[in-house]
Amino acid sequence: MSADIHSAHAARPEASAGLLAAAVSASLYGISAPFARMAAEANLIGADLILWRVGVMVCVLGLATWVLGRRPLAPRAAWPGVLLFAATVLMVGTCYLSAVAFIPVGIAVVIFYTFPLIILLVSPFIDRRRPTPAQFVAFALAFAGLVLAIGPQWTTLDPRGLALAAMASVACAVQVFTGSRVGRRLDPLTFAFSAQLVVVPGVFLVALAFGGPAGPEALGAALKPLSVIVLTYIAAFVLQLRAMRLAAPSAVGLVFTLEPVIAIATAAALLGEKLVTSQYMGVALVLAGLVVAVAPGASKGRKDSAA
C-alpha cells in the first residue's frame with residue numbers, strides 16, 4: 001500500500017510537468033499561425049514552410065545530440081514506433097494543408113480538433129483506463145468554445161476537404177498515442193531527431209507537389225516570419241514529446257485545444273484582427289475546459305478489470 005501511495009505522489013509532479021509542457025507547446029504552435037499568414041503574403045506557401053521548419057529542425061537537433069553527447073538515432077527495436085510517429089506527423093501536416101484548399105479554414109480546424117474526443121474514446125482500449133466524466137465535460141466545453149471562437153461558416157462543404165480534415169484528426173490521435181508509448185523509452189532529443197529525419201523526404205515531395213521549393217527571392221521576402229515559425233516549431237515539437245512522455249494521452253489532447261485560441265489571440269494582436277463577442281465567449285469556454293481537464297483528479301480514470 002505504501003509503495004502505491006509513494007508511486008502516486010511521484011507520478012503527480014511528472015503529470016503536472018507534462019501538462020505544463022503541453023500548454024507551452026500548444027501556445028508556441030498557436031503563436032506561429034499569424035506568422036504563417038505573413039509568410040504567405042510574401043509568397044512563401046505552406047508546403048515550403050513545413051519543409052524549412054523540418055529541415056532546420058533536423059540540423060539543430062543533430063547538432064544538439066552531438067554537443068550533448070546523446071544518441072542521435074533510435075535503437076533498432078524502437079524504429080517501428082518512430083516510423084509510425086513520423087508517418088502521422090507527415091500525414092497531419094499534409095492532410096491539414098490540403099483540407100483548407102477545399103473547405104474554409106475554420107471548419108477544417110473544428111473537424112481537426114475532434115482528435116481529443118477520439119483519444120478519450122479509444123483510451124479504454126489502449127491504456128486500459130476509462131475516461132472520467134470530468135474529461136468528457138472538459139472536451140465538451142473546449143470543443144464548444146472552438147466552434148464559437150473560430151466561427152465557421154458551414155457552406156460549400158466539399159467532401160474532399162471534410163475527409164482530409166478528418167484524416168488529419170485521426171492521424172493526430174494516433175500521433176499522441178504513439179508518441180506517448182515511444183517517448184517513454186527514448187531520450188526526447190533522440191526521438192525528435194529520428195522522427196524528423198524520416199519526415200524530411202516526405203515533406204520535400206509535398207513541397208514539390210505544391211510547386212516548391214521556393215526560390216531565394218521568396219525566402220528573402222519572408223525571412224522574418226519564417227525564422228519565427230522555425231524557432232517556435234522546434235521548441236514546440238520538443239515540448240510536445242516531453243508532454244506525451246509524462247502525461248496521459250487524453251490529458252495532452254485536451255490541453256492542445258489551447259492552440260487555436262492562442263492563434264486567434266496572436267492574430268488579433270499582430271494582424272489587427274478584431275474579435276467579436278462570440279469569439280470572446282469561445283475563448284472563455286476553451287479556458288474553462290482546460291481548467292476542468294487539469295484539475296486534480298480529472299485524469300484519474302478507473303483501470304479496467306482486464307488491466
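Every number here is computed from the coordinates shown, using simple stated rules; none is lab data. Since this is a predicted model, take the numbers as computed values, not measurements. Backbone-built Cβ (ideal geometry, glycine too); neighbour counts: all protein chains shown.
Per-structure values
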quantity: Rounded if a/c under 1.5, otherwise prolate or oblate - the stretch 37-84, Cα gyration tensor axes; calculated: oblate
quantity: Per-pair calculated FRET efficiency, R0 = 30 Å: LEU162 and SER278 via Cβ, rounded to 0.05; calculated: 0.85
quantity: Relative packing of peptides 185-193, 223-231, 138-146 - highest average C-beta neighbours within 10 Å first; calculated: 138-146, 185-193, 223-231
quantity: Net charge of Cβ neighbours under 12 Å - reference ALA99; Lys, Arg +1; Asp, Glu -1; calculated: 0
quantity: For q = 0.07, 0.10, 0.13 Å⁻¹, Debye-computed log10 I/I(0) when each Cα of the stretch 15-294 counts as one equal scatterer; calculated: -0.24, -0.50, -0.87
quantity: Among 200-209, 69-78, 108-117, the order from most to least packed when residues are scored by Cβ within 10 Å on average; calculated: 108-117, 200-209, 69-78
quantity: Under Karplus coefficients 6.51, -1.76 and 1.60, residue-wise ³J(HN,Hα) of the stretch 72-82 in Hz, glycine/proline x; calculated: x, 10, 5, x, 4, 5, 8, 5, x, x, 5
quantity: Electrostatic dipole magnitude of the stretch 15-294 [Cβ: Lys, Arg +1; Asp, Glu -1; Cα centre; debye, to 20]; calculated: 920
quantity: Shape of the stretch 159-247, Cα gyration tensor, a/c cut at 1.5; calculated: oblate
quantity: The stretch 13-67 shape via C-alpha gyration tensor axes, a/c threshold 1.5; calculated: oblate
